[in-house]
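Have a look at the structure below before the remarks.
Read-outs: derived from the displayed coordinates by stated rules, not from any lab. Just so you know, these numbers come straight off a predicted model, no measurement behind them. No Cβ is skipped: glycine too gets one built from the backbone with ideal geometry, and neighbour counts run over all protein chains shown.
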Amino acid sequence: MFFLLSKFLPFVLEPAVWLLALLAAALLSRRHPRWQRGFLISALTLTFIGTNSGLINEAYLAWEMPPVGLRTLAPHDAGVLLTGVTRPLKSPHDRVYLGEGADRLTHTLWLYRAGRIKYIIVSGGSGSIRKVVHTEAHDLATLLRLAGVPARNILVEEASRNTRENALNTKKLLAQHPEIKSIMLITSAFHQRRALACFRKVGLQPTPFPADYRTSDPIRTPSYWLPDASAFGRWSHLLHEITGYLTYKLLGYC
């Protein structure tokens, strides 16, 4: 039930849907000028906030966990790479399609090549309600091998469908590998807060390594605040993550 609800939430949290609802309400309330004016003002306010590139960048800056310098990191036994960056429903299935968030993979490779991690644990099955040919963990493990990481240094966990299951199943996997005593958690900066809390909730104490930043360094000139249509999608993404974090807190997952 929780899994299916998590697939419905992105639609509810989509600002573009709210905008359409307000415009439809304004159209249907033509016989009530005061109501219509209220709906139109609300739609204009939502449009201003929802398309403001500076506001969404500031919101992400407040939510994302800060970057961690490589020089400040001590070597760890393993890095836990969370999936969610591939497109397993795209065919043909003779290759791996990377989407937004590919920094999770490239930064994991960077950590491995820099000697900060010895093993790479790829955690994640499929978050889709549709059947997939390969799990996301399978696909990322394939790319890691193609990048030169020996198969013996890659551990794959393919059962997880969400962040809580990532934590639970990683703990089970680590119980089978007592040689791994210290881990680093590698996921998107906007997702790191929830992921870290989930891993700590199950008794693991990973070092966070945020990747895949959705922000730019703020240069607060007039152009910084100009409208950008893509900001609507970024607001939806951020609202979904914040709602997910609060829901996990309410359910005791993190």
Placing +1 on each Lys and Arg Cβ and -1 on each Asp and Glu Cβ in the stretch 70-211, then taking the dipole about the Cα centre, the residue among Ser91, Leu185, Thr142 whose Cα reaches farthest towards the positive end is Leu185
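Which value, in debye to the nearest 20, describes the size of the charge dipole of the stretch 70-211 about its Cα centre when Lys and Arg Cβ atoms bear +1, Asp and Glu Cβ atoms bear -1, and nothing else is charged?
Approximately 260 debye in magnitude.
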Computed curve, the stretch 70-211, Cα-only Debye sum without solvent term, log₁₀ I(q)/I(0) at 0.14, 0.19 Å⁻¹, is -0.58, -1.11
Expected sort for 168-175, 23-30, 85-92, 187-194 on mean C-beta neighbours within 10 Å, highest first, is 187-194, 168-175, 85-92, 23-30
Expected unfolding gain across Arg95-Tyr224 under the 0.36 nm per residue rule, minus the alpha-carbon gap, is 42.6 nm
Simple spin-label estimate for Leu61/Leu40, 7 Å along Cα→Cβ, in nm, reads 3.6
To the nearest 20 debye, the chain has a Cα-centred charge dipole, built from +1 on Lys and Arg Cβ and -1 on Asp and Glu Cβ, of 460
Pseudo-spin-label distance Ala24 to Lys172, built 7 Å along Cα→Cβ, given in nm, is 4.2
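Where in the chain are the DSSP H helices whose C-alpha atoms run 24 Å or more along the long axis and whose mean Kyte hydropathy is at least -0.5?
Values: long enough: 33-50 (25 Å, 0.54); 231-251 (30 Å, 0.16).
What comes out of the filter, once short or polar helices are dropped, is 33-50, 231-251.
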